[in-house]
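Enquirer: My structure is below; once you've seen it, I'll send some questions.
The values are calculated or read from the model by the stated rules, or taken from the named source; none is laboratory data. Please read all numbers here as calculations on a predicted model, not as lab measurements. Neighbour counts run over all protein chains shown; Cβ positions are idealised from the backbone, glycine included. Please note that ligands, DNA and RNA were not included when accessible areas were found on the heavy atoms of the full protein model with its side chains. Shrake-Rupley method; radii C 1.70, N 1.55, O 1.52, S 1.80 Å.
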Amino acid sequence: MTITITSHNDTNIAISFNGQFSSKMLDAVRSVPNRTYNPEQKIWLIPDNQQSADTLLRNLYETDEFNISNAESDNSVQKPQFPNENTVNKSTPSHQNNHTHELQKLKEILITRHYSPRTIENYLFWAKFFLRTYKDTLFLGQNQINEFLTNLAVKQNMSASTQNQALAALLFFFRFVRNEDTKNFANVIHAKNKKRAPVVLSKEEVHTILSRLEESKQLAAEILYGTGMRLNELLCLRILDIDFDRNEITIRYGKGGKDRRVMLPKSLVPKLKAHIADVKAIHEKDLADGWGKVLLPSNVANRSPDSAKEFRWQWLFPQKNRWKNRKTGEEGRHHMDESILQKAVKNAVREAGIVKNASCHTFRHSFATHLLENGYDIRTVQELLGHSDVRTTMIYTHVLNKGAKEVQSPLDELCGNE
């Protein structure tokens, strides 16, 4: 493999790769300030000055993959000699290995920046999907991102929100993994989200659906409607998050990594205490069988790993059966899978004869709308829902049964005079 460094014009130095090379070498070029890539000529351009040239050569040297033997000290850097292609191929990873290296780096950065597990999973999915779409993955940029997003919209009929999620993942990947300047992506395609009114159930419909659920699924759905929390927030609740003395529930690591408190519906206190007693019996049985550990938040696990067996850290809605690691034989319980509650609610909606496209999240919409109908101010509802911007909460004012002045339709007035 050969790396060629030549004078490109009066302001730039050109760097080109001939043969297979590793991501370390590419990162060495990407780390030079104000560098750009010319996809037509397949060359990298860096400013033609001593500082940029020195930075490039130092970065290349620090990869430990070759020896620089012929670099000039002036502003014109002429073709440094590197090992031949056969020598480099023995130690240089393939493009697939480059993918693995970059995806691992992406994961580490996301974890370091304390992104949620779900966001990490989504970003890794889109980065992997994008890299597998193109054969030459080392020279990707804005054009390929736009082409990828267009394919999602046109050929795969992805929604605007899904396209924007993919875009966010790819921009994060290029910025923090490939060290690309955000100015290079000024013209990427942003899908326009359509504003749709949320599906809202009447109080009678909510009651009908809840009455068709059983046991822990009914209690879970009642908490969703009674507090307005998201499904994932509900399933991640632990025993210690329930405060009967203060009649409140603490939601930890909600959307955006924010904690908040919501009310504990008084009507659920007896049922919730009985449920917690059942969970305790399950936990004691797990302990007797030699298990009983639960996955802890990273900060708690590092500080107090023995807490994994404490009852207060157990999930409020644990799995029915223990999972088992076939290699180690270890067993444990995670929280209830979201698909179980989603399926139960869908079946209840169908059995109730309700034709609205209702789901678990519909309870959250109904909670907010019913509070506003009952006269609670929008700031209170915003805080309970955990919205950062009150404009997000404002959408529920458009689905109220009546406005602030109980506006009457002119048609009703006309019919009333007949």
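Enquirer: Which ones in the stretch 253-284 are in a loop (DSSP other than H, G, I, E, B) and at pLDDT 90 or above?
Expert: Filtering the stretch 253-284 down to residues in a loop (DSSP other than H, G, I, E, B) leaves 253-254, 258-259, 264-265.
Within the stretch 253-284, Leu264, Pro265 qualify.
Enquirer: What is the residue count in the stretch 364-381 for residues that are open to solvent by less than 30 Å² (accessible area, probe 1.4 Å) and within 22 Å of the chain's Cα centre (by Cα)? I'd like the intermediate steps shown before the answer.
Expert: Filtering the stretch 364-381 for residues open to solvent by less than 30 Å² (accessible area, probe 1.4 Å) gives 364, 366-372, 381.
Right, trim to within 22 Å of the chain's Cα centre (by Cα) and you get 364.
Within the stretch 364-381, residues that are open to solvent by less than 30 Å² (accessible area, probe 1.4 Å) and within 22 Å of the chain's Cα centre (by Cα) number 1.
Enquirer: So which pairs qualify, if the first residue must be in the stretch 116-128 and more than 11 Å from Gln165 (Cβ to Cβ), the second must be of a type outside the set (A, V, I, L, M, F, W, C) and open to solvent by 100 Å² or more (accessible area, probe 1.4 Å), the Cβ gap must be under 9 Å, and the two must be at least 6 apart or on different chains?
Expert: Listed pairs, sorted by first residue: Ser116/Tyr253; Ser116/Lys255.
Enquirer: Can you name the helices (runs of 4 or more DSSP H) wholly within the stretch 3-108 that have at least 2 residues being open to solvent by 90 Å² or more (accessible area, probe 1.4 Å), basic (Lys, Arg) and at pLDDT 80 or above? First the steps, then the outcome.
Expert: Values: elements: 23-30, 50-62, 85-89.
Ranges flagged: none.
Enquirer: For the stretch 309-354, how many residues are outside any helix (DSSP H, G or I) and open to solvent by 50 Å² or more (accessible area, probe 1.4 Å)? Walk me through how you get there before you give the answer.
Expert: Just the residues of the stretch 309-354 that are outside any helix (DSSP H, G or I), to begin with: 310, 314-337, 352-354.
Those still in the list that are open to solvent by 50 Å² or more (accessible area, probe 1.4 Å) too: 310, 319-328, 330, 334, 337, 353.
Residues that pass the stated criteria total 15.
Enquirer: Suppose we filter the stretch 291-308 for residues that are in contact (Cβ under 8 Å) with a residue 24 or more places away in the chain and either among the hydroxyl-bearing types (Ser, Thr, Tyr) or open to solvent by 20 Å² or more (accessible area, probe 1.4 Å) (or both); how many remain?
Expert: 4
Enquirer: Right, here's the next one. Does Ile242 satisfy the condition of being of a type in the set (Val, Ile, Thr) and out of contact with any helix residue (DSSP H, G or I) (no Cβ under 6 Å at 6 or more places or on another chain)? Step through it out loud before you land on a result.
Expert: On the way: of a type in the set (Val, Ile, Thr): yes; out of contact with any helix residue (DSSP H, G or I) (no Cβ under 6 Å at 6 or more places or on another chain): yes.
So Ile242 passes the test.
Enquirer: Please count how many residues of the stretch 211-254 are farther than 22 Å from Lys280 by Cα, of a type in the set (Gly, Ala, Ser) and in contact with an Asp or Glu (Cβ under 9 Å, 6 or more places away or on another chain).
Expert: Going through the stretch 211-254 one residue at a time, the tally reaches 1.
Enquirer: Next question. Of the conditions (1) among the β-branched types (Val, Ile, Thr); (2) within 13 Å of Leu316 (Cα to Cα); (3) touching a residue at least 24 places away in the same chain (Cβ under 8 Å), Thr227 fails just one. Which one is it?
Expert: The one condition Thr227 does not meet is (2).
Enquirer: Find the residue count for the stretch 143-160, including only residues that are open to solvent by 70 Å² or more (accessible area, probe 1.4 Å) and part of a helix (DSSP H, G or I).
Expert: The total comes to 3.
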